[in-house]
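Reviewing the structure listed below.
The values are calculated or read from the model by the stated rules, or taken from the named source; none is laboratory data. Just so you know, these numbers come straight off a predicted model, no measurement behind them. Here Cβ is always computed from backbone atoms with ideal geometry, including for glycine, and neighbour counts include all displayed protein chains. Surface areas here come from the heavy atoms of the whole protein model, side chains and all, with no ligands, DNA or RNA. Shrake-Rupley method; radii C 1.70, N 1.55, O 1.52, S 1.80 Å.
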Amino acid sequence: MVEETRLVLEIKSRLGGDFEDKYLIEGELGFGGMGTVLLCQQKDLGRQVAVKFLSEINDFINRKRFKSEAQHHGSLTHRNIVRVFDYGISNDVPYIVFELLQGQTLAEHLERRAPLSLLETLTISIDVCSGLSYA
């Protein structure tokens, strides 16, 4: 069993049974200005996913922005953009379910490999720009 952080316990206490029927929270992946991302198991398909939860659930503007992110992001299919699998609201807590990518973040890669060669810098930049251009 994964040790549950304060953040994981807080999110679990706010969720309703409908989320827990579909997903099993396994741990914490990260957090940012708009939300917290947890590692979850999608029960019916037996796969790990990343689930982003909106932090400020009572903020109308952020709720609207969060739903818009899910709708727009969910319509995108591109090799350089992570896929959205689901969007929902459980016990008034909005969440977005994303494909879980294995490996390291760009920041981790840069920390380990810096300075990058010109070729690697260009390759990464082209991939990022390709995804952004498509979006």
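Filtering the stretch 39-49 for residues that are within 21 Å of residue 105 (Cβ to Cβ), of a type in the set (D, E, K, R) and outside any strand (DSSP E or B) leaves an empty set.
Is it the case that some residue within the stretch 29-46 is under 20 Å from residue 103 (Cα atoms) and charged (D, E, K, R)? The answer is no; no qualifying residue exists. Scanning the stretch 102-135 for residues that are among the hydrophobic types (A, V, I, L, M, F, W, C) and in contact (Cβ under 8 Å) with a residue 24 or more places away in the chain returns 128, 135.
Restricting attention to the stretch 9-36 and to residues that are among the β-branched types (Val, Ile, Thr) and either open to solvent by 50 Å² or more (accessible area, probe 1.4 Å) or in contact with a Phe, Trp or Tyr (Cβ under 7 Å, 6 or more places away or on another chain) (or both), the residue that is nearest to residue 91 (Cα to Cα) turns out to be 11.
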